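See structure below.
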Amino acid sequence: MTTPQPAIRFAGVHKNYLSHGESVPAVKRMDLAIAQGEFFSLLGPSGCGKTTTMRMIAGFEEPSGGKVYLDGKDVTGVAPNKRDVNMVFQSYALFPHLNTYQNVAFGLERKKVGKADIKKRVGEMLEIVSLTGMEKRAPKEMSGGQQQRVALARALVNHPRALLLDEPLGALDLKLRQQMQIELKRIQREVGITFVYVTHDQGEALTMSDRIAVMNAGVIEQLGSPREIYERPASRFVAGFIGTSNLVDGHIERCENGLAVVAYSAQDRVVVPVGSAARPGDKIEISVRPEKIDLHRGVPPVSSTGGSVLSGVVNEVVYHGTSTNYTVATAAGADFTVFDQNASNADDLADRGDRVFLTWAPQHSYMIGV
Ligand SMILES: Nc1ncnc2c1ncn2[C@@H]1O[C@H](COP(=O)(O)OP(=O)(O)OP(=O)(O)O)[C@@H](O)[C@H]1O
């Protein structure tokens, strides 16, 4: 049995734009393989090269060097309309004078698909995007979320090889956006088409994606599942961009059983899993997520023996309903953020100025690469 070709592959692709007579790199040498049927997100801050990457898949931009493959076929230099990929934008770009049915049927009619077949395919697609019964509505008679669904149905009805989505939910309010994220994932699962999704919203990427490429200044800093990227950020940039991270540095005091101990005082220490190359005296940077930390008033519990313990003083307490977020000035010299879930014992809250201990298990610390 042969393994299927990746739906999309970049081999040494880079893109430079000419700006005021100067060549500016937007995407630096990129090798990338997106699997068939994958929900793949390009995530990063404004200007990092996400849209350029997507436009090179679609054929709206040609690489300055390297090759783009779709289903194993070299499409570098092939016109967008010959690539069999579709794109959905934030501005839905629906035809205002056509109703829902006509908007979705448009592409099939142009391809001269038979009337009965069009009716069947449009009907199926409207059901998938939950718009059955809205066939006769004009775009202006529908909400933003409904219009976005029409745009999605119109793009998917042609069964493209891949669907490219450039911040498609950006115009919707938060609640609707969150609903559409769940919907989009369901729709993608049902149609089984490869989705490539561009966003600068980390929550959106974490919610929907099978894998995420985190981009920074034209390069992919990390590529992995939402869990890998959140739990094990490969760089300082990724740790800072995805969620909230606590970062602290120090020198290794000793290594035992694959764990390094960085001591800040007789009782304050951070314990982190390390590779065999780690040596006492090495300077390392360690990260831990706020929800992995337990905050105690009084003495640290015996259960924290073997893990990290940092004493500190509470600087800030912010009540968020489901959790209370603390900022603690620690003995390690760094301010730590702690998310404490508000369980039934809400009177257990610490106040500003309280002396506290932060503890967490060794596996929740990780060393930051760069
Ligand atoms: N047509 C162009 N001419 C010159 N420079 C460009 C052009 N398009 C993009 N750039 C530059 O290339 C870099 C990457 O742009 P790109 O639009 O791919 O980023 P992005 O991550 O999609 O950003 P955003 O989230 O703001 O859309 C930026 O520095 C941008 O200014």
>> Starting from 0.36 nm per residue, how many nanometres of slack lie between ALA33 and LYS112 once their C-alpha separation is accounted for?
In response: 25.1 nm
>> Given a 1.4 angstrom probe, I'd like the percentage of the accessible area of the range 25-151 that is carbon and sulfur, rounded to a whole number.
In response: 52
> Tell me, what ³J(HN,Hα) does each residue in the range 264-271 have, in order and in whole Hz, if you take phi through Karplus 6.51 cos²θ - 1.76 cosθ + 1.60 with θ = phi - 60° and put x for Gly and Pro?
Replying inline: 10, 6, 4, 10, 8, 8, 10, 10
> Efficiency by 1/(1 + (r/R0)^6): what FRET value for GLU256 and LEU349, r their Cβ-Cβ distance, R0 = 30 Å, to the nearest 0.05?
Replying inline: 0.25
> With Cβ to Cβ distances under 12 Å as the rule, what net charge do the other residues near MET215 carry (K, R +1; D, E -1)?
Replying inline: +1
> Percent relative contact order of the chain, based on C-alpha pairs within less than 8 angstrom and at least six residues apart?
Replying inline: 15
>> Per residue, how large is the accessible surface of the range 8-241? Use a 1.4 angstrom probe and give square angstrom.
In response: 46
> Got a number for the accessible area of ILE182? Probe 1.4 Å, square angstrom, nearest 10.
Replying inline: 110
>> Tell me the mean residue ellipticity at 222 nm calculated for the chain from its helices only (DSSP H runs of n ≥ 4, each -39500 (n - 2.57), averaged over every residue, nearest 500).
In response: -7000 deg cm²/dmol
> For LYS185, which aspartates and glutamates qualify as cross-link partners when the Cα separation must be under 20 Å and same-chain residues fewer than eight apart are set aside?
Replying inline: GLU38, GLU124, GLU127, ASP166, GLU167, ASP173, ASP201, GLU204, ASP210, GLU228
> When only alpha-carbon atoms count, how far does the range 258-326 stretch along each of its three principal axes, as whole angstroms with the largest first?
Replying inline: 44, 22, 21
> Where does the chain land on Rg(C-alpha)/(2.2 N^0.38 Å)?
Replying inline: 1.21
> By how many nm would the segment from ASP201 to LYS67 grow when fully extended, if each residue of separation counts as 0.36 nm and the alpha-carbon distance is taken off?
Replying inline: 45.4 nm
> To the nearest 10 square angstrom, what accessible area does MET208 show with a 1.4 Å probe?
Replying inline: 0
>> Taking the Cα of ASP173, stepping 7 Å toward and past its beta carbon, and measuring to each backbone N in the range 188-229: which are under 11 Å?
In response: none
> So which aspartates and glutamates pass the test for LYS73, namely a Cα distance under 16 Å, with those fewer than 8 places away in the same chain ruled out?
Replying inline: ASP31, GLU62, ASP84
> What pairs in LYS15/LYS82; LYS67/LYS120; LYS82/LYS112 have C-alpha atoms more than 26 Å from each other?
Replying inline: LYS67/LYS120
> Over the Cα atoms of the range 39-82, how large are the radius of gyration and the largest Cα-Cα distance (Dmax), in Å?
Replying inline: 11.2, 31
> Can you give the net charge of the other residues whose Cβ lies under 13 Å from the Cβ of ASN246, counting K and R as +1 and D and E as -1?
Replying inline: -1
>> Starting from 0.36 nm per residue, how many nanometres of slack lie between SER235 and THR132 once their C-alpha separation is accounted for?
In response: 32.5 nm
> What does the convex hull of the Cα atoms of the range 248-367 come to per residue, in Å³, rounded to a whole number?
Replying inline: 98
>> As a test, work out the antiparallel percent of DSSP beta bridges whose residues both lie in the range 141-258, rounded to the nearest 5.
In response: 50
>> I need to check one value: relative contact order of the range 248-367, counting alpha carbon pairs closer than 8 Å and at least 6 residues apart, in percent.
In response: 31
> Cβ under 13 Å from GLU291's Cβ, GLU291 left aside: what net charge do those residues give with Lys, Arg +1 and Asp, Glu -1?
Replying inline: -1
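The values are calculated or read from the model by the stated rules, or taken from the named source; none is laboratory data. Note that the structure is predicted; figures quoted are calculated from it, not measured. Note that we place each Cβ from the backbone using ideal geometry, even for glycine, and neighbour counts take in every protein chain shown. Note: areas computed on protein heavy atoms with side chains; ligands, DNA, RNA excluded. Shrake-Rupley method; radii C 1.70, N 1.55, O 1.52, S 1.80 Å.
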